[in-house]
Amino acid sequence: MIDRIGRKIDYLRISVTDRCNLRCIYCMPESGVKLVDRSMLLRGEEILRIVKVMAELGISKIKLTGGEPLLYCRLSELAGEIKKIPGIRKVTVTTNGILLKEQIESLAAAGVDGINISLDTLDRECFRRITRRDLLEKALEGVRATLSYPEISVKINCVPLGAKEQDVCSVAQLAMEYPIHVRFIEMMPIGCGAEFPGMKEDRLRNLLEERFGKLTPYEGEALGNGPCRYYEAEGFQGKIGFISAVSHKFCRECNRIRLTSQGYLKTCLQYTAGRDLREIIRSGGTDDELKAVITAALDEKPDGHHFLEKAKDDDTEKLCMSQIGG
């Protein structure tokens, strides 16, 4: 699919649930968020129908996310069915890793191409403060279990909060010790994330280079679905990546759209712009009608975000990241 300003849209992120087993401080309030009735969430067959239509329009890469997608009871089955859809070349999953050890075998059997594991620290106490749960070892068990499947690419997603106790260099060192790509994702000023200063890419790179030496831009084959810029460091098995949507705006190269767990198609993370695909499906709409609505949504995809500017209140997304699908 080509949008109105010439961007090739080939990547769809699908939130399969709004449930999560962590309460990360930059993602949701300590009390959690109000969960919708399960009847409002897309059913598996509805997700598959949307993916089929999207594939016919040009989507080839699918990311399954949440909330926490491993709480979705038939995730492996869903991933396997998506992989069978003509035109879909890659299916990956983003997870916090807590349930990964128990599910990685079935995900591998389903043909999942990659697992992205959210991990902001290797310090148990810091992990407990960030996630409000004492489950670091479960997450690390998930990482280790996934490394047993060399056909699956493993990436760590780390969000620097700007807190002194968060040793981001120790997380980066995982790329030295294992064939893992560690990506640092700049804090997005959405929901609870707006309360944290985060750490800009330039400062982060300086910290990493002080510890590990010069980072050299990686110029090999693509390592992911989206806009991450990867670097190599001497002695590292994996790469170091930066996804810096605010300080290094990449909206002109944006290739993604998002489907929330309730079936709302979002064309930009910052804004509410999009279309309700669940309503079309449940009211008896045809595939051609779905395609028309998807195309119309793309025609309204914003040129870019304006996080550093004050956006109109009625346009700005007010949901937490766990509700959007990240």
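Points worth noting:
- Dipole size of the range 223-287 about its Cα centre, with +1 on Lys/Arg Cβ and -1 on Asp/Glu Cβ: approximately 200 debye, rounded to the nearest 20.
- Computed from point charges on the beta carbon alone (+1 for Lys and Arg, -1 for Asp and Glu), the dipole magnitude for the range 125-222 about its Cα centre is near 260 Debye.
- Rounded to the nearest 10 degrees, the inclination of helix 100-109 to the longest alpha-carbon principal axis of the chain is 60 degrees.
- Listed by chain and number, the aspartates and glutamates whose C-alpha is less than 14 Å from the C-alpha of residue 249, apart from same-chain residues fewer than 8 away, are 186, 201, 202, 303, 309.
- Looking at the range 100-210, the accessible area is 44 square angstrom per residue; that uses a 1.4 Å probe and ignores ligands, DNA and RNA.
- Student exercise, the chain dipole from Lys, Arg, Asp, Glu Cβ charges, in Debye to nearest 20: 200 debye
- The chain - percent relative contact order, Cα under 8 Å, separation 6 or more: 21 percent
- With helices as the sole contributors, the chain gives -8000 deg cm²/dmol at 222 nm; each DSSP H run of n ≥ 4 counts as -39500 (n - 2.57), and the sum is divided by every residue.
- With respect to the chain, whose longest principal axis is taken over its alpha-carbon atoms, helix 201-212 is tilted by about 40°.
- Surface composition of the chain: carbon plus sulfur atoms contribute 50% of the solvent-accessible area (1.4 Å probe, protein chains only, all chains present).
- Less than 5 angstrom separates the built amide H of residue 20 from those of 68, all sequence-distant by 5 or more or on a different chain.
- Exposed loop positions in the chain were taken to be trypsin sites (Lys or Arg not before Pro) whose DSSP state is not H, G, I, E or B and which have at most 14 other beta-carbon atoms within 10 angstrom. Between these positions, the longest stretch is 215-309.
- Here is the size of the range 152-263 from its Cα atoms: Rg then Dmax, 14.4, 45 Å.
- Angle in degrees between helix 136-146 and the longest Cα principal axis of the chain, rounded to the nearest 10: 70 degrees
- Subset of 138/301; 63/200; 200/301; 34/155 violating a 32 Å alpha-carbon distance limit: 138/301
- Once backbone amide H atoms are built at 1.01 Å from N, residue 156 has 117, 181, 182, 183 as its partners under 5 Å, excluding neighbours fewer than 5 places away on the same chain.
- In order along the range 165-177, the Karplus-derived 3J(HN,Hα) couplings, from 6.51 cos²θ - 1.76 cosθ + 1.60 at θ = phi - 60°, round to 6, 8, 7, 5, 5, 5, 5, 4, 5, 4, 6, 7, 7 Hz, and Gly and Pro are given as x.
- Residue (of 135, 224, 241) at the positive-pole extreme of the range 124-260, dipole from beta-carbon charges: 135
- Summing Lys and Arg as +1 and Asp and Glu as -1 over all other residues whose Cβ lies under 12 Å from the Cβ of residue 241 gives a net charge of +2.
- Extension gain, residue 273 back to residue 49 (0.36 nm per residue minus Cα-Cα distance, nm): 78.5 nm
- Kirkwood Rh in Å, taken over all unlike Cα pairs in the range 26-123: 14.7 Å
- Which of 92, 273, 206, positive extreme of dipole for the chain (C-beta unit charges): 273
The values are calculated or read from the model by the stated rules, or taken from the named source; none is laboratory data. This one's a predicted model, so the numbers in the text were calculated from it and none came from an experiment. All Cβ positions, glycine included, derive from the backbone under ideal geometry; neighbour counts span all protein chains shown. Remember, those area values only see protein heavy atoms, side chains included, never the ligands or the DNA or RNA. Shrake-Rupley method; radii C 1.70, N 1.55, O 1.52, S 1.80 Å.
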